[in-house]
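Since the structure comes first, as structure tokens, the remarks are kept for the end.
The values are calculated or read from the model by the stated rules, or taken from the named source; none is laboratory data. Since we're looking at a predicted model, the values are computed, not measured. Please note: Cβ atoms are built from the backbone with ideal geometry, for glycine as well, and neighbour counts cover all protein chains shown. Remember, those area values only see protein heavy atoms, side chains included, never the ligands or the DNA or RNA. Shrake-Rupley method; radii C 1.70, N 1.55, O 1.52, S 1.80 Å.
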Amino acid sequence: MTPATRQEVLGLYRKVLQIAKNWQSASGQIEETMKEKEYIRNEARTLFRKNKNVTDPKLIKECIEECEARIEIGLHYNIPYPRPIHLPPMGLAHKQGRTLRHQEKLRKISKPIYLKSHDEIS
């Protein structure tokens, strides 16, 4: 990891922790706010620790993009949790029919960037 990339990652981590510190839930309830703050801190801690040994520049770039996307979506919608995607069960298959393996491949490709690591830690 280059020093510039390291600084960018550390800056993102600081930014996430600062967001958690200043977070206010949409409902305004104190219990809800504390629960969401704790979720943000735990999610950041888990994902950053999981990826601390990543050395591939392409994979590092993907992780940075995912982090930035989750920050922007969370701030925009005022929801710290990843927004789910809704795909019909067999909605991506062609009319001639495809194997289940192909269906899974299409689902993986169609998954938004901000959900790439969510299934891995859940």
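Kirkwood radius for the stretch 3-84, taken over all pairs of different Cα atoms as the inverse mean of 1/r, rounds to 13.4 Å.
A 1.4 Å probe run over the protein chains yields, for the stretch 8-87, 67 Å² of accessible area per residue, whole-number rounding.
Taking K and R as +1 and D and E as -1, what net charge do the other residues with C-beta under 13 Å from the C-beta of Asn22 add up to? Intermediate results must be reported in sequence, preceding the final value.
Values: positive: Arg14, Lys15, Lys21, Lys37, Arg41; negative: Glu36.
Charge balance near Asn22 sits at +4.
Remark: the Arg49-Arg101 segment gains 15.6 nm on full extension, using 0.36 nm per residue and subtracting the alpha carbon distance. Tally Lys/Arg at +1 and Asp/Glu at -1 over every other residue whose Cβ is under 11 Å from the Cβ of Tyr81; what's the total? Local charge sum for Tyr81: +1. Any idea how far apart Thr33 and Lys61 come out in nm if each label point goes 7 Å out from Cα toward Cβ? Roughly 4.0 nm, to one decimal.
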